[in-house]
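The values are calculated or read from the model by the stated rules, or taken from the named source; none is laboratory data. Nothing here was measured: the structure is a model prediction, and the numbers come from that model. With ideal geometry, Cβ positions are generated from the backbone for all residues, glycine too; neighbour counts draw on all protein chains shown.
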Amino acid sequence: MKKATIHDVAKKAGVSVTTVSRVLNNRGYISDEMKEKVMTAIKELNYIPNEIARSFFTNKTNFVGLIVPTTSNPFFGELTFHIEKKLSTKGYKLFICNSINDVETERVYLRLLQEKRVDGIIVGSHNVDIEEYEGYGMNIVSIDRELTANIPIVQCDNYDGGRLATETLIGSGCKRILCITGDARVKTTARARVSAYEDRMREAGLEPQIMEISFSLSENDKKRVVMENLFSESLPFDGIFAGDDVMASIVYHAALKKGYKVPEDLKIVGFDGTEMMRTVFPTLTTIIQPIEQIAEAAVDLLLDKIGEKKAENKIVLPIALHKGSTA
């Protein structure tokens, strides 16, 4: 069946195409009688307006793009849910783009979102060396990633989170604490967690030890790296501050597989504290990011930019500790 066009609607309503367009975009004065004729024709023909075409009249699409590494990760899955929920209350729809930790995929999505004339973009991906963000003309807000000096950022208090995680391990009697972090090349605010860890370790007279495991590795590869580097021989650490809860879970299960007891032989603290992880792994001691508040702040900040209102350049939200039994 042929899809109805704006010309079909105009013909059925007995009005011009311009009049139909004015009704759809709520532009100019249209009598109630004329509006009713047009809306009746739209309903009878099951006409679906072309959002992109309408944007040329309104200069708005009411679409926002979101670029994340993968929604399969509990943090980004929960973040995406709350961003979409918040946007829907403001009359916006969301394009969700999984960059799969690939630079070229992120570039492709950036071009696509620009072609789709989205009103703005929220970026939470972990790729590096994407020069397209420099001087980018669209409204952009970043989550936990430093894109450019001009793009505002929303984040949790990563330094305080790193401090609290390290102090929790030290307070539990740990002396040999490893910090597992992501790729140092990525300009993410999460690096402040490592800085806090190093500061607290040195203040306690302990030697910081850091292992980088790229966020972009598959879960199986992360498991292999952990087994080969942490549990190949005798256990070299009595405490581990993991970069996120997924990594904390990998470490936990690798330790059990090798016959170690948690927390007797090894204490573990994670980071993120998503609802899902606290449900399936409630015993994990972890730092809770206020994910819903981060999502809402990012949306509000982006809508301020879209509305050409004065917007903050950085928003930092407080963390909390979920005290499980792993530390």
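Mind checking which residues of region 278-327 are over 17 Å from the mean Cα position of the chain (by Cα) and among the polar types (S, T, N, Q)?
279, 283, 285, 286, 313, 325, 326
Suppose the filter is touching a residue at least 40 places away in the same chain (Cβ under 8 Å), farther than 12 Å from residue 269 by Cα and either surrounded by fewer than 22 Cβ atoms within 10 Å (Cβ to Cβ) or not assigned by TED's automatic domain parsing to the domain that holds residue 131 (or both); does residue 199 pass it?
no
Among the residues of region 85-130, which ones are without any contact (Cβ under 8 Å) to a residue 24 or more places away in the chain and of a type in the set (Ser, Thr, Tyr)?
88, 89, 105
For region 213-238, name all the residues that are exposed (fewer than 15 other Cβ atoms within 10 Å of the Cβ) and among the charged types (D, E, K, R).
Selection gives 219, 221, 224, 228, 233.
Name the residue that is farthest from residue 95 (Cα to Cα), counting only residues in region 124-178 that are of a type in the set (Val, Ile, Thr) and in contact with a Phe, Trp or Tyr (Cβ under 8 Å, 6 or more places away or on another chain).
My answer is 177.
Suppose the filter is of a type outside the set (S, T, N, Q), in contact (Cβ under 8 Å) with a residue 60 or more places away in the chain and over 20 Å from residue 286 (Cα atoms); does residue 236 pass it?
In short, yes.
Consider region 284-325. How many of its residues are under 19 Å from residue 77 (Cα atoms) and acidic (Asp, Glu)?
Of the residues in region 284-325, 2 are under 19 Å from residue 77 (Cα atoms) and acidic (Asp, Glu).
When residues of region 161-189 are filtered for being closer than 15 Å to residue 286 by Cα and among the small types (Gly, Ala, Ser), how many remain?
Looking only at that region, the number is 5.
Kindly indicate whether any position in region 61-72 is in a helix (DSSP H, G or I), surrounded by fewer than 19 Cβ atoms within 10 Å (Cβ to Cβ) and either touching a strand residue (DSSP E or B) at 6+ places or on another chain (Cβ under 6 Å) or in contact (Cβ under 8 Å) with a residue 24 or more places away in the chain (or both).
No, that holds for no residue.
Given the conditions (1) closer than 21 Å to residue 183 by Cβ; (2) in the same structural domain as residue 199 (by TED's automatic domain parsing), which single one is not true for residue 130?
With (1) closer than 21 Å to residue 183 by Cβ; (2) in the same structural domain as residue 199 (by TED's automatic domain parsing) applied to residue 130, the lone miss is (2).
Restricting to region 165-189, and then to whatever is of a type in the set (A, V, I, L, M) and buried (at least 22 other Cβ atoms within 10 Å of the Cβ), can you tell me which residue is nearest to residue 267 (Cα to Cα)?
Result: 169.
Please tell me if residue 275 is among the charged types (D, E, K, R), assigned by TED's automatic domain parsing to the domain that holds residue 311 and either over 28 Å from residue 235 (Cβ atoms) or under 15 Å from the mean Cα position of the chain (by Cα) (or both).
Here the answer is no, as residue 275 does not meet what is asked.
Results for (1) at pLDDT 85 or above; (2) not charged (D, E, K, R), shown as yes or no for each residue.
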residue: 6; (1), (2): no, yes
residue: 37; (1), (2): yes, no
residue: 54; (1), (2): no, no
residue: 63; (1), (2): yes, yes
residue: 86; (1), (2): yes, no
residue: 89; (1), (2): yes, yes
residue: 97; (1), (2): yes, yes
residue: 109; (1), (2): yes, yes
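Filtering region 79-117 down to residues that are farther than 12 Å from residue 63 by Cβ and aromatic (Phe, Trp, Tyr), which residue is surrounded by the most Cβ atoms within 10 Å (Cβ to Cβ)?
Residue satisfying both the conditions and the ranking: 109.
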